[in-house]
Amino acid sequence: MVIQLYTLRSSIRPLQAQVHRYFSSAVTARNSSPTEPPLEEDFFSPAEAVEPQHPSSNTPLSDLPAHPTPKTLLSDLPATILNDYYETECPNDAQLAYADKFFAPSRHSPVKLWSASKFRTTPMSAHEPEVCFLGRSNVGKSSLLNALMTGDLCYTSKKPGRTREMNAFGIGGTKGGESKIVLLDMPGYGYGGRYDWGKEIMKYLQKRKQLRRIFLLIDGFHGMKPMDRVIIRWLSEYGLPYQIVVPKIDKVLVKQRNQLRSGVSESSLAACRDLHREFRESAADIAREWNGPPPLGETLTACAHVERTPGNYIGISALRWAILKAAGYDANLDAEGNVIKQEKAAVTVAAPTTQVQNEEGEEKKNTKKKAGKLPITKVLTGSSKRSFQVSPKRQ
């Protein structure tokens, strides 16, 4: 194993140095421990596939395979069944529809706003709320952002470390106006990352005033790695608000992606619930150890390559709603999904009183005007300049 040492200043804390080191490319994939799960290529290798053996007529009934496990189509399952809302309220269909409408593409949304490799080069004058996506290299940040924005603004690649800058994208913009929410695609840490990227990302997370929430992506198939634990420890120690998102949830539900066409079994849903509980308890233990806040009260899942319904990918609507909540755009909705604007309701209630007050004010104004108006003869015959003034108000 090749270990690359870096000379750090004495002002940098040991924990920060450890986080910086995880963004370095010193740890390579081929030096991983043999106890780690197999790689994707090995897991989906066709050589491991075993041809099904048909039972012969002489096989006793007790040795025959059991009936296949019943499955449920993704379209028949609730949109949020794969998420874990253990403290927060689960969004309803109207809220999810509102989030999808908010993220709907238009001529002015989404747009790429800026890219920066250094924190000092980020636009300081911006005031839009920002959320960032952080995770290990090749965990699926760029693909997930493309699914959220319904476009191909983020560059995706199978090779880790392709995202080398902080890329900002605007959502909800209108003609002649600014974007309402800014999404940031961060460089990944771990294999394929760099030491300098870690320092700049830490500066952004600590000093950026517009930051509202950090969405930490953890691979559900490989589980929580030591690098992920160090990042959670650092976020808890500094009290930064973060939320866990499990991308590529299809790898947890089934062995091969095309198996989801036939539906999801109850055992797969149970495995997803166990994964949520494991991540929640691990993050809570780390936060308790360092006297920091735990992650927010919901763990989300997503898949940018499998559609639950035509045009609607797994978990994308719920993740959009979480972004709106973080930025403060979670409006009150009625049963039909229409936004209830409280300002209009207040004006409607106060309309009769305001109308009466306006009528009384106009009557008093007309009365004063008639009482204070001078005769025309006096105005025309007056010798001074003030005599030409018609009303006492103008005096």
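The values are calculated or read from the model by the stated rules, or taken from the named source; none is laboratory data. It should be emphasised that the depicted structure is a prediction, and the values quoted were computed from it without experimental measurement. Don't worry about glycine lacking a Cβ; one is built from the backbone with ideal geometry, like all the others, and counts go over all protein chains shown. These accessible areas exclude ligands, DNA and RNA; they are computed on the full protein's heavy atoms, side chains included. Shrake-Rupley method; radii C 1.70, N 1.55, O 1.52, S 1.80 Å.
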When the range 222-242 is checked residue by residue, the ones that are part of a helix (DSSP H, G or I) and of a type in the set (D, E, K, R) are Asp228, Arg229, Arg233, Glu237
Inside the range 266-289, the number of residues satisfying the requirement of being of a type outside the set (A, V, I, L, M) and exposed (fewer than 15 other Cβ atoms within 10 Å of the Cβ) is 10
Reported set for the range 137-150 where residues are open to solvent by 20 Å² or more (accessible area, probe 1.4 Å) and either of a type in the set (Ser, Thr, Tyr) or touching a Phe, Trp or Tyr at 6+ places or on another chain (Cβ under 6 Å) (or both) is Ser143, Thr150
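Residue check: is Lys118 of a type in the set (D, E, K, R), in contact (Cβ under 8 Å) with a residue 60 or more places away in the chain and touching a helix residue (DSSP H, G or I) at 6+ places or on another chain (Cβ under 7 Å)? First the steps, then the outcome.
Numbers: of a type in the set (D, E, K, R): yes; in contact (Cβ under 8 Å) with a residue 60 or more places away in the chain: yes; touching a helix residue (DSSP H, G or I) at 6+ places or on another chain (Cβ under 7 Å): yes.
Spelling it out, Lys118 is indeed of a type in the set (D, E, K, R), in contact (Cβ under 8 Å) with a residue 60 or more places away in the chain and touching a helix residue (DSSP H, G or I) at 6+ places or on another chain (Cβ under 7 Å).
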Examine the range 171-194 for a residue that is over 26 Å from Trp321 (Cβ atoms), modelled with pLDDT under 90 and not in a loop (DSSP other than H, G, I, E, B), and state whether such a residue exists. yes
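For the range 76-98, what are the residues that are among the polar types (S, T, N, Q) and open to solvent by 30 Å² or more (accessible area, probe 1.4 Å)?
Step one: list which residues in the range 76-98 are among the polar types (S, T, N, Q), which gives 80, 83, 88, 92, 95.
The answer is Thr88, Asn92, Gln95.
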For the range 262-320, the count of residues that are aliphatic (A, V, I, L, M) and part of a helix (DSSP H, G or I) equals 11
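Any residue at all in the range 257-271 that's in contact (Cβ under 8 Å) with a residue 12 or more places away in the chain and within 21 Å of the chain's Cα centre (by Cα)?
To start, the set of residues in the range 257-271 that are in contact (Cβ under 8 Å) with a residue 12 or more places away in the chain comprises 257, 260, 262-269, 271.
The next check asks that each one be within 21 Å of the chain's Cα centre (by Cα); those that pass are none.
No; the residues of the range 257-271 include none that is in contact (Cβ under 8 Å) with a residue 12 or more places away in the chain and within 21 Å of the chain's Cα centre (by Cα).
To keep it simple, each residue is scored yes or no on (1) at pLDDT below 90; (2) in contact with a strand residue (DSSP E or B) (Cβ under 7 Å, 6 or more places away or on another chain); (3) not in a helix (DSSP H, G or I).
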residue: Arg213; (1), (2), (3): no, yes, yes
residue: Gly220; (1), (2), (3): no, yes, yes
residue: Ile244; (1), (2), (3): no, yes, yes
residue: Lys251; (1), (2), (3): no, no, no
residue: Lys255; (1), (2), (3): no, no, yes
residue: Leu260; (1), (2), (3): no, no, no
Flagged in the range 108-138 as modelled with pLDDT under 90 and in a loop (DSSP other than H, G, I, E, B), in numbering order, are His108, Ser117, Lys118, Thr122, Pro123, Met124, Ser125, Ala126, His127, Ser137, Asn138
